[in-house]
1. Within region 140-158, identify whether any single residue is part of a helix (DSSP H, G or I), within 15 Å of residue 35 (Cβ to Cβ) and in contact with a helix residue (DSSP H, G or I) (Cβ under 6 Å, 6 or more places away or on another chain), and answer yes or no.
2. Among 115, 131, 87, which is the only one that is touching a strand residue (DSSP E or B) at 6+ places or on another chain (Cβ under 9 Å) and modelled with pLDDT under 95?
3. Could you tell me whether region 101-109 includes any residue that is at pLDDT 85 or above, in contact with a strand residue (DSSP E or B) (Cβ under 9 Å, 6 or more places away or on another chain), more than 22 Å from residue 375 (Cβ to Cβ) and surrounded by 23 or more Cβ atoms within 10 Å (Cβ to Cβ)?
4. Inside region 185-291, counting only helices (runs of 4 or more DSSP H) that do not spill past its ends, which hold 3 or more residues that are over 25 Å from residue 38 (Cα atoms) and at pLDDT 75 or above?
5. More than 22 Å from the chain's Cα centre (by Cα) and farther than 24 Å from residue 135 by Cα: is that true of residue 330 in this structure?
6. If a residue must be assigned to a helix (DSSP H, G or I) and over 16 Å from the mean Cα position of the chain (by Cα), how many such residues does region 344-362 contain?
7. Hey, which of the helices (runs of 4 or more DSSP H) in region 382-456, taking only ones fully inside, have at least 3 residues that are surrounded by 18 or more Cβ atoms within 10 Å (Cβ to Cβ) and at pLDDT 85 or above?
8. For region 153-162, how many residues meet the condition of being buried (at least 24 other Cβ atoms within 10 Å of the Cβ) and either modelled with pLDDT of 80 or more or more than 17 Å from residue 282 (Cα to Cα) (or both)?
């Protein structure tokens, strides 16, 4: 069997990478560079009334993210198992994309001060966006052999950051000088642009990627029941995948730290270095411009030195980023920190999903990607909560700016602990275990075929 047939077509690989180009507009704009501050200052400037309690703007933003991530945490393993059993990853991905696009359009229609509708729409949009990664990532080992997974993944991340950059440039003129109600009507159009970008550029992946039959050894039919059964079995036997468990523990910590840094960078630059909204948007322009070659370059590094070593290198760079951010006192100085962070953001994520693809048995890759999402999303509440608590307590004693410096330094310790845990990951052993399970599944399938009655 030729590589082109076994691992899909060149057109499929390009379409897969273009999906990164499509979905990057949502986190770059709708969540970080624009969406978060806009939600706090315009959509929920008077808080969110839940009936039993009223949340302040910042608390509501954090709660929306936490609830959405909690839902992703609970559903990702099940959705991954369902994808493996049904062989319908493309259809499931299309459903999640559609939900996110519709919810994002809804955010553009929410009037200033509405509060609760925006809160609920953000939960839906974030959940569907993050949940879709389970199906998207599960295509990866079907499109490239193990020795090329790193470069394909890195190229996808690189193209994603280019997409985020271009989308942000397109929206930049609509970002107001300040997040007040006066510019709300014009700024709300940004959500329509993000929705259109995500929907339009997702079409190649949803059109050209092919759903493949379940791998040998996978039962067909009764998909939901099979997914529950497979999930229960994996939870029961996951302890046998010791390498995967150790990696997931490390990923929990460093992904939490990365997510926290991204979510708080706009607040950090505003409170510590007095950046304006437009300057904050410019930071993300720089992040996306530099992140593309970073992700691409580390993809090739990954193929040469292995996933664990590549991730370890990015974590060392993250420690340097946090130290520099904590001591920088000027806007110009922070630009250099942002550039270095941009390189390692894409590299860390691309290397992570590539390593999991290497460690996962082919017939269960969707389920293992689900557990990767589970580990990452489950940590989404921890880092922001610690950052907010430390910043608040330290601000009372040392001032707001110093409080944030201490908080980001605290988050930086997550990278150190993750690095120590990651040093215990035996990548070669994990790949051998995955290959052995795949071979066992193929032998069982061949045995079933030989046992079947033959026509005479």
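The values are calculated or read from the model by the stated rules, or taken from the named source; none is laboratory data. All figures in this text were calculated on a predicted structure; none of them were measured in a lab. Glycine gets a Cβ as well: all are built from the backbone with ideal geometry, and neighbour counts include every protein chain shown.
1. no
2. Of 115, 131, 87, the one residue that is touching a strand residue (DSSP E or B) at 6+ places or on another chain (Cβ under 9 Å) and modelled with pLDDT under 95 is 115.
3. No: zero hits.
4. 189-208, 242-273
5. yes
6. 3
7. Once the helices (runs of 4 or more DSSP H) in region 382-456 are filtered for at least 3 residues that are surrounded by 18 or more Cβ atoms within 10 Å (Cβ to Cβ) and at pLDDT 85 or above, what remains is 400-422.
8. So the answer is 6.
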